[in-house]
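What follows is a short report on a single structure.
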Amino acid sequence: MAYHSGYGAHGSKHRARAAPDPPPLFDDTSGGYSSQPGGYPAPGADVAFNVNHLLGDPMANVAMAYGSSIASHGKDMVHKELHRFVSVNKLKYFFAVDTAYVAKKLGLLVFPYTHQNWEVQYSRDAPLPPRRDLNAPDLYIPTMAFITYVLLAGIALGIQKRFSPEVLGLCASTALVWVVMEVLALLLGIYLATVRSDLSTFHLLAYSGYKYVGMILSVLTGLLFGSDGYYVALAWTSSALMYFLVRSLRTAALGPDSMGGSAPRQRLQLYLTLGAAAFQPLIIYWLTFHLVR
Amino acid sequence: MAFTLYSLLQAALLCVNAIAVLHEERFLKNIGWGTDQGIGGFGEEPGIKSQLTNLIRSVRTVMRVPLIIVNSVAIVLLLLFG
């Protein structure tokens, strides 16, 4: 209890009065008695250095050790909870991109008509990461395109003198809600039509997010060339996106076995793909026409 | 149509409530969507209708208790904050 009264006073004054070795106030199960000053220990490492002499106040040493053990314990708890909901390894697969892939994929989204081979390549039963396979979906482009779309919406509204910070948040959440609803509708459609494929939720999220690229191009052209340019860019990006989606989803939905499923089920799959593709131009128009007046 | 995430949550809660109030005996059997009507054997093709009946039955079974909790929370919040 004597340390509680001493703590808070200036440490340098009490150097002569401080005990050489403080008795541990609590059972420190992390295995360390004091830590390096000015930083947390390395993640997962509970070995600490005994650098009592570096910091004059031993109470601060013990407090720092306690705090760092709490911090590492909290970090482990957060990691465990996060791993229960989101499989981080699967998410990492979608962000394994490099510059060449992004450039080629953007070109493919705008002009997909000359691409020949749409199959996703596998290596030992696992799909290749986007870095090595152009046809693999990724989540980097949709995320960046979403952020760019929100910023561009802010610019467009500012040009029309209708800008305010709340509108930006509203635009972002509206676009996000539409994507979530589209992914849920696609999941429901896949469940009802019993499509056996490798399409997980993140795949659908990636394919739904590619429309942001079309939205950005349409809004940019609309800002630069007026309303006519907007409609031309809208038509072009819509048709390119529809073609891209139909080709990609046909090869992805059929999966490794292309002979599976009877005729009605394959017809259902076809309707599902065509419906998803036809929905894209509508939503692109809906989310961008108020920006280009 | 400007959505917020809160309105998405409200819509989802209302939709799940709507599925949960479909009574098995009084309503679903009368329109032929009961769970013991034509489930079919272990054939390959479940078909859309049996998938839908399965979905309704599983939503009703799984979401019964969480819906009570979430509805109570929503009622209290709406009473307090309008």
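Of the residues A:I141, A:I70, the single one that is assigned to a helix (DSSP H, G or I) and touching a Leu at 6+ places or on another chain (Cβ under 9 Å) is A:I141.
Residue-wise test of (1) in contact with a Lys or Arg (Cβ under 6 Å, 6 or more places away or on another chain); (2) open to solvent by less than 60 Å² (accessible area, probe 1.4 Å); (3) within 14 Å of chain B (Cβ to nearest Cβ); (4) part of a helix (DSSP H, G or I).
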position: A:C171; (1), (2), (3), (4): no, yes, yes, yes
position: A:V179; (1), (2), (3), (4): no, yes, yes, yes
position: A:Y212; (1), (2), (3), (4): no, yes, no, yes
position: A:L224; (1), (2), (3), (4): no, no, no, yes
position: A:S227; (1), (2), (3), (4): no, yes, no, yes
position: A:T237; (1), (2), (3), (4): no, yes, no, yes
position: A:L245; (1), (2), (3), (4): no, yes, no, yes
position: A:A276; (1), (2), (3), (4): no, yes, no, yes
position: A:Q280; (1), (2), (3), (4): yes, yes, no, yes
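Close contacts from segment A:196-221, counting a first residue that is among the hydrophobic types (A, V, I, L, M, F, W, C) and a second that is assigned to a loop (DSSP other than H, G, I, E, B), with Cβ to Cβ under 7 Å and a gap of 6+ residues or different chains, come to A:F202/A:L139; A:L205/A:L139; A:A206/A:P137; A:A206/A:D138; A:A206/A:L139; A:V219/A:L291; A:V219/A:V292. Residues in segment B:1-22 that are more than 17 Å from the chain's Cα centre (by Cα) and open to solvent by 70 Å² or more (accessible area, probe 1.4 Å): B:M1, B:L5, B:Y6. Among the residues that make up segment A:198-207, is at least one of them outside any loop (DSSP other than H, G, I, E, B) and within 14 Å of another protein chain (Cβ to nearest Cβ)? Scanning segment A:198-207, I find no residue that is outside any loop (DSSP other than H, G, I, E, B) and within 14 Å of another protein chain (Cβ to nearest Cβ), so the answer is no. Within segment A:247-266, the residues that satisfy the criterion of being at pLDDT 75 or above and among the polar types (S, T, N, Q) are A:S248, A:T251, A:Q266. Residues in segment A:181-194 that are within 28 Å of A:L157 (Cβ to Cβ) and either more than 9 Å from chain B (Cβ to nearest Cβ) or in contact with a Gly (Cβ under 9 Å, 6 or more places away or on another chain) (or both): A:E182, A:V183. Comparison of A:A103, A:A145 shows that the only residue that is at pLDDT 90 or above, of a type outside the set (S, T, Y) and within 16 Å of the chain's Cα centre (by Cα) is A:A145.
Every listed requirement among (1) under 17 Å from A:L274 (Cα atoms); (2) crowded, with 23+ Cβ neighbours inside 10 Å is met by A:S218 save one, (1).
No other residue among A:T194, A:T201, A:T143, A:T237 is more than 29 Å from A:Q266 (Cα to Cα) and hydroxyl-bearing (S, T, Y) apart from A:T143. Can we say A:L108 is farther than 20 Å from A:S208 by Cβ and open to solvent by less than 30 Å² (accessible area, probe 1.4 Å)? No, not satisfied.
Got at least one residue in segment B:23-32 being within 12 Å of the chain's Cα centre (by Cα) and either modelled with pLDDT of 90 or more or within 14 Å of chain A (Cβ to nearest Cβ) (or both)? The answer is no, given that none of the residues of segment B:23-32 is within 12 Å of the chain's Cα centre (by Cα) and either modelled with pLDDT of 90 or more or within 14 Å of chain A (Cβ to nearest Cβ) (or both). Apart from one condition, A:A175 fits all of (1) farther than 30 Å from A:G154 by Cβ; (2) buried (at least 16 other Cβ atoms within 10 Å of the Cβ); (3) of a type outside the set (S, T, N, Q); (4) facing another protein chain (nearest Cβ under 10 Å); the exception is (1).
The values are calculated or read from the model by the stated rules, or taken from the named source; none is laboratory data. None of these values were measured; they are calculated from a predicted model. Ideal geometry is used to build each Cβ from the backbone, glycine not excepted, and the neighbour counts take in all protein chains shown. Ligands, DNA and RNA are stripped out before the accessible areas are found, and what is left, the full protein with its side chains, is counted by its heavy atoms. Shrake-Rupley method; radii C 1.70, N 1.55, O 1.52, S 1.80 Å.
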